[in-house]
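Here the structure comes first, spelled out in structure tokens, and everything after it is commentary.
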Amino acid sequence: MAESLTGIAASKGIAIAKAFVLEQPDMDIQRKTTDDSQEEIGRFNEAVKKSKNELLAIKEKTYKEMGEDKAEIFSAHLLVLEDPEIVDGVSSKISEENVNAEFAMKEISDTFVAMFESMENEYMKERAADIRDVSKRVLLHLLGMENTNLALIDEETVVIAEDLTPSDTAQLNLEYIRGFATDIGGRTSHSAIMARSMEIPAVVGTKNVTSTVKTGDLVIIDGMEGEVVLHPDDNTIAAFKERLEEFNKQKQEWAKLINEPSVTTDDHRVELAANIGTPGDMEGVLSNGAEGIGLYRTEFLYMGRDELPTEEEQFEAYKEVLSRMEGRPVVIRTLDIGGDKELPYLNLPKELNPFLGFRAIRLCLEETDMFKTQLRALLRASAFGNLKIMFPMVASVEEVRQAKKILEAVKEDLIKEGIDVSEKVEVGIMVEIPSTAVAADIFAKEVDFFSIGTNDLIQYTMAADRMSEKVAHLYQPYHPAILRLIKNVIDAAHKEGKWAGMCGEMAGEETAVPLLLGLGLDEFSMSATSVLPARSQLRKISRSEAEKLANEAIQLSTADEVEELVSSKGFILS
Ligand code: PEP
Ligand code: MG
């Protein structure tokens with residue numbers, strides 16, 4: 001049996017190639033005294049200049065190949081090199097202490113890295129990673145060393161690294177890089193997100209892949225199972241090649257469906273839409289044939305920065321997405337911050353139970369200036385496409401009424417100002433709190449549509465934290481209680497002539513698709529890469545069969561029984 005390491009499956013696919021282990025350059029930095037501090041400052045300024053030029057080039061390349069939001073990472077890096085606390089700090093240290101530039105740079109950057117790392121929230125931790133990345137670049141110039149140039153790799157390779165910094169990932173030459181594996185990171189780390197947008201297999205968080213694999217070793221990266229296989233024997237290679245071939249064949253089959261309708265064998269049509277986080281995700285949406293955007297999580301516009309985004313910035317982002325969808329539906333969700341998503345600059349009080357606390361619509365209804373700015377940007381953008389506005393974390397009808405009242409007021413202001421606003425903007429809510437799911441008939445009278453947020457609905461219904469490994473066994477999408485809530489929501493919407501969608505992860509799962517179809521779901525919104533597999537599955541099943549399946553499933557006692565039923569009836573086709 002071949003040896004293997006397990007990590008987190010970060011990006012789908014299988015890569016079989018020789019490893020290139022990205023070594024951390026040995027930067028042994030000593031304190032030296034200098035009698036010419038001006039010369040040291042000159043060397044430092046020169047290194048900063050070279051680093052800036054490199055970063056501008058990487059930013060440009062990233063912008064072209066991966067879009068604006070990924071390129072923004074390098075704007076953050078450039079800002080580090082313009083931060084007076086860092087740049088002037090190094091120069092002052094050189095002249096005040098008569099030390100060499102390398103030592104001054106390392107001391108100053110270590111201080112800032114330690115400061116940001118000790119902070120609790122993710123945004124600040126990421127700033128530490130930015131400073132470390134930039135400081136390494138400057139130090140390599142000062143030491144006259146080469147930054148390992150991943151762009152120079154010219155044979156089929158998988159990259160093995162402790163972590164891949166954004167600058168490393170941007171340099172990967174996709175002609176030769178087949179995939180990568182890292183020691184650290186999670187599904188939402190920079191490297192994982194980049195891998196998915198580059199569509200190369202990746203496994204992150206293996207803990208010790210760099211100490212186990214050597215450059216030149218043959219390895220297999222299985223981005224579906226989150227596995228790295230070392231020194232595979234011929235049989236193992238053959239088995240993985242077969243799986244890869246299967247996967248590629250399937251992808252080719254799916255690709256043929258890009259312009260086909262999402263229709264069942266008995267001619268029932270549904271909408272398969274995609275979830276996005278930024279306009280940069282639009283490439284994937286279009287290349288995977290999504291029929292709409294079922295969820296645009298706007299919180300990313302607010303994250304990774306020091307202050308609220310302006311109305312203009314938001315308008316531009318919303319307009320871009322709406323225009324690129326050319327009249328197809330785009331559901332944009334208003335700010336859903338709180339819980340696991342923090343905004344340090346809002347200085348919100350720490351809470352014992354942030355998932356049950358002051359967040360999302362609750363926050364927006366109090367911070368009305370912030371809310372109105374977003375609604376203005378949304379309504380202005382509505383003139384450029386088919387916008388639907390969605391409020392998150394709704395628990396009571398009063399919240400819906402209040403939010404709609406603010407929306408109306410904002411609309412009136414815009415009209416008074418002579419600004420174009422679409423007359424057809426639908427307003428809906430996320431159904432992700434059990435109170436709303438149970439009383440869906442009441443809510444259905446107040447809104448144009450529902451989108452079921454199962455990611456949260458499951459955690460609140462089962463009282464099982466979606467982030468906790470310890471209670472993961474209770475986080476059950478196929479629990480009869482969840483299926484019954486979903487049915488209740490869909491039926492309530494239809495009774496009022498409204499439509500019901502789902503934008504939780506469940507919508508794209510192979511077991512869920514036939515059940516949701518049978519329960520009458522109108523719109524399924526999922527990660528873009530799941531759209532074609534789901535379309536392929538839908539086109540092979542009939543709605544009437546799916547209805548029978550769903551009716552049977554909601555009578556069962558356990559989630560396991562439901563999953564067995566779906567598979568025993570032949571609805572799982574891959
Ligand atoms: C959900 O809760 O299902 C959802 C789609 O929203 P998020 O994952 O952003 O909480
Ligand atoms: Mg949610």
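Taking only the stretch 356-411 into account, find how many residues are in contact with a Lys or Arg (Cβ under 8 Å, 6 or more places away or on another chain), part of a helix (DSSP H, G or I) and within 16 Å of ligand 2 (Cβ to nearest atom).
1
Exactly one condition in (1) at positive phi; (2) in contact (Cβ under 8 Å) with a residue 12 or more places away in the chain is false for Gly418; which is it?
Of the numbered conditions (1) at positive phi; (2) in contact (Cβ under 8 Å) with a residue 12 or more places away in the chain, the odd one out for Gly418 is (2).
Taking the condition of being within 31 Å of the chain's Cα centre (by Cα) and in a helix (DSSP H, G or I), how many residues in the stretch 420-449 meet it?
Counting residues in the stretch 420-449 that are within 31 Å of the chain's Cα centre (by Cα) and in a helix (DSSP H, G or I) gives 8.
Looking only at the stretch 435-462, count every residue that is at pLDDT 95 or above, within 16 Å of ligand 2 (Cβ to nearest atom) and farther than 22 Å from Val331 by Cα and tell me the total.
Number satisfying all stated conditions: 4.
So Glu417 clears everything in (1) within 25 Å of Ala273 (Cα to Cα); (2) more than 28 Å from the chain's Cα centre (by Cα); (3) not aromatic (Phe, Trp, Tyr) except one condition, right? Which one?
It fails just one condition, (1).
Given the conditions (1) assigned to a loop (DSSP other than H, G, I, E, B); (2) within 15 Å of Ala2 (Cβ to Cβ); (3) free of Cβ contacts under 8 Å to residues at least 40 places away in the same chain, and given that Glu225 satisfies all but one, which numbered condition is not satisfied?
Only one criterion in (1) assigned to a loop (DSSP other than H, G, I, E, B); (2) within 15 Å of Ala2 (Cβ to Cβ); (3) free of Cβ contacts under 8 Å to residues at least 40 places away in the same chain is unmet by Glu225, namely (3).
Take the stretch 301-339 and flag every residue that is part of a helix (DSSP H, G or I) and open to solvent by 30 Å² or more (accessible area, probe 1.4 Å).
Hits for the stretch 301-339 are Leu301, Glu311, Glu312, Glu313, Glu316, Lys319, Glu320, Ser323, Arg324.
Considering Ser542, Ser525, which residue is modelled with pLDDT of 95 or more, polar (S, T, N, Q) and away from ligand 1 (no atom under 15 Å from the Cβ)?
Unique residue meeting the criteria: Ser542.
Checking the conditions here, which among Gly504, Gly508 is at pLDDT below 95, within 16 Å of ligand 2 (Cβ to nearest atom) and within 15 Å of Val285 (Cβ to Cβ)?
Within the list Gly504, Gly508, the selection yields Gly508.
Just a yes or no: is a residue in the stretch 434-444 out of contact with any Pro (no Cβ under 7 Å at 6 or more places or on another chain), small (Gly, Ala, Ser) and open to solvent by 70 Å² or more (accessible area, probe 1.4 Å)?
No: the stretch 434-444 contains no residue that is out of contact with any Pro (no Cβ under 7 Å at 6 or more places or on another chain), small (Gly, Ala, Ser) and open to solvent by 70 Å² or more (accessible area, probe 1.4 Å).
Can you name every residue in the stretch 356-383 that is within 22 Å of Cys503 (Cβ to Cβ) and open to solvent by 30 Å² or more (accessible area, probe 1.4 Å)?
Leu356, Arg362
Which residues, counting only those in the stretch 126-156, are of a type in the set (A, V, I, L, M, F, W, C), out of contact with any Lys or Arg (no Cβ under 7 Å at 6 or more places or on another chain) and in a helix (DSSP H, G or I)?
Ala128, Ala129, Ile131, Val134, Val138, Leu140, Leu150, Ala151, Leu152
Which one of the conditions (1) in contact (Cβ under 8 Å) with a residue 40 or more places away in the chain; (2) within 16 Å of ligand 1 (Cβ to nearest atom); (3) not charged (D, E, K, R) does Val397 fail to meet, given that it meets all the rest?
Looking at each condition in turn, Val397 falls short on (2).
Ala57 - would you say it is open to solvent by less than 30 Å² (accessible area, probe 1.4 Å) and either out of contact with any Phe, Trp or Tyr (no Cβ under 8 Å at 6 or more places or on another chain) or at pLDDT below 90 (or both)?
The answer is no for Ala57.
Sort out which residues of the stretch 451-479 are within 11 Å of ligand 1 (Cβ to nearest atom), charged (D, E, K, R) and in contact (Cβ under 8 Å) with a residue 60 or more places away in the chain, and write them in order of number.
Asp456
Is it true that Ala409 is away from ligand 1 (no atom under 15 Å from the Cβ) and open to solvent by less than 10 Å² (accessible area, probe 1.4 Å)?
Spelling it out, it is not the case that Ala409 is away from ligand 1 (no atom under 15 Å from the Cβ) and open to solvent by less than 10 Å² (accessible area, probe 1.4 Å).
Scan Asn275, Asn248 and give me the residue that is within 16 Å of ligand 2 (Cβ to nearest atom) and either in contact (Cβ under 8 Å) with a residue 40 or more places away in the chain or part of a helix (DSSP H, G or I) (or both).
Only one candidate qualifies: Asn275.
Give me the residue from the stretch 342-355 that is open to solvent by 20 Å² or more (accessible area, probe 1.4 Å), farther than 19 Å from Glu399 by Cβ and within 23 Å of the chain's Cα centre (by Cα) and, out of that set, nearest to ligand 2 (Cβ to nearest atom).
Top of the filtered list is Glu342.
Phe371 - would you say it is in the same structural domain as Glu316 (by TED's automatic domain parsing), more than 29 Å from Asp465 (Cα to Cα) and aromatic (Phe, Trp, Tyr)?
So Phe371 does not fit the description; no.
For the stretch 1-120, give me every one of the helices (runs of 4 or more DSSP H) that falls completely inside it and has 3 or more residues that are under 27 Å from the mean Cα position of the chain (by Cα).
Filter on the stretch 1-120 gives 37-66, 68-80, 101-117.
The values are calculated or read from the model by the stated rules, or taken from the named source; none is laboratory data. All of these numbers come straight from a predicted model, not from anything done at the bench. Reconstructed Cβ throughout: ideal geometry from the backbone, glycine too, with neighbour counts over all protein chains shown. For the accessible areas, the whole protein counts, side chains as well, though only heavy atoms, and no ligand, DNA or RNA atoms are used. Shrake-Rupley method; radii C 1.70, N 1.55, O 1.52, S 1.80 Å.
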